[in-house]
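Worksheet for the structure shown next.
The values are calculated or read from the model by the stated rules, or taken from the named source; none is laboratory data. Bear in mind that the values here come from a model prediction, so they are computed numbers and not experimental data. Ideal geometry is used to build each Cβ from the backbone, glycine not excepted, and the neighbour counts take in all protein chains shown. Side chains included, ligands, DNA and RNA excluded: accessible areas come from the protein's heavy atoms. Shrake-Rupley method; radii C 1.70, N 1.55, O 1.52, S 1.80 Å.
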Amino acid sequence: MTTPLHRIDKFSVPAPAMDEFLARIQHIHEILGRQPGIIRNDVISLVDGDSAYNVVTAVTWESHESLRKAGSVVAADVAATGFDRTEFLARLGVTADYGTYA
């Protein structure tokens with residue numbers, strides 16, 4: 001039996017950058033949502049509480065293989081569009097924490 005994997009990314013997004021940031025995140029998560037092996041695909045914004053992070057994405061995959069294949073699809077989109085994640089986050093003043101959990 002394969003253990004599902006959870007990709008959980010947390011972001012601290014300045015208020016003026018929120019619309020542009022969420023538009024990019026939605027684009028990525030639309031691609032992920034079409035991939036085989038996806039179980040759950042959430043983009044969550046903080047509405048109450050004290051946290052350094054105000055946006056969290058949580059994607060659950062059936063297996064490491066499905067996560068890896070989806071990553072390749074996103075990488076192809078990034079290459080085709082010329083998107084630079086490092087520049088994007090720096091320009092918007094976003095800090096991030098990435099992790100995959102089982």
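A few points about this structure:
- ³J(HN,Hα), Karplus 6.51/-1.76/1.60, whole Hz, each residue of segment 26-36, x for Gly, Pro: 4, 4, 4, 6, 5, 4, 4, x, 8, 8, x
- The smallest convex shape that holds all Cα atoms of the chain, its convex hull, gives 102 Å³ per residue.
- Accessible area (Å², 1.4 Å probe, nearest 10) - ASP77: 30
- Extension gain from ALA52 to GLU30, taking 0.36 nm per residue of separation minus the Cα-Cα distance: 5.3 nm
- Here the Karplus relation 6.51 cos²θ - 1.76 cosθ + 1.60, evaluated at θ = phi - 60°, turns the backbone of segment 50-66 into coupling constants of 10, 9, 6, 10, 10, 9, 10, 10, 9, 10, 10, 10, 5, 7, 4, 4, 5 Hz, with x for every Gly and Pro.
- Put a plus charge on the Cβ of each Lys and Arg, a minus charge on the Cβ of each Asp and Glu, and nothing anywhere else: the dipole of the chain about its Cα centre is then about 280 debye.
- Fraction of accessible area attributable to carbon and sulfur, segment 12-102 (%, probe 1.4 Å): 54
- Farthest towards the positive end of the charge dipole of the chain, among the residues ILE28, LEU92, VAL56, is the Cα of ILE28, using unit charges on the Cβ of Lys, Arg, Asp and Glu.
- Loop-located trypsin sites (Lys or Arg not before Pro) in segment 42-102 (DSSP state not H, G, I, E or B) with no more than 15 neighbouring Cβ atoms inside 10 Å do not occur.
- Maximal additional length on extending the HIS6-ARG68 stretch stands at 21.1 nm, based on 0.36 nm per residue less the C-alpha distance.
- ASN54 long-range amide H proximity, modeled H, under 5 Å: PHE11, SER12, VAL13
- Surface analysis of segment 3-102 yields an accessible area of 60 Å² per residue, using protein heavy atoms and a 1.4 Å probe.
- At full extension, VAL78 and LEU22 could sit 18.5 nm farther apart than now, given 0.36 nm per residue minus the alpha carbon distance.
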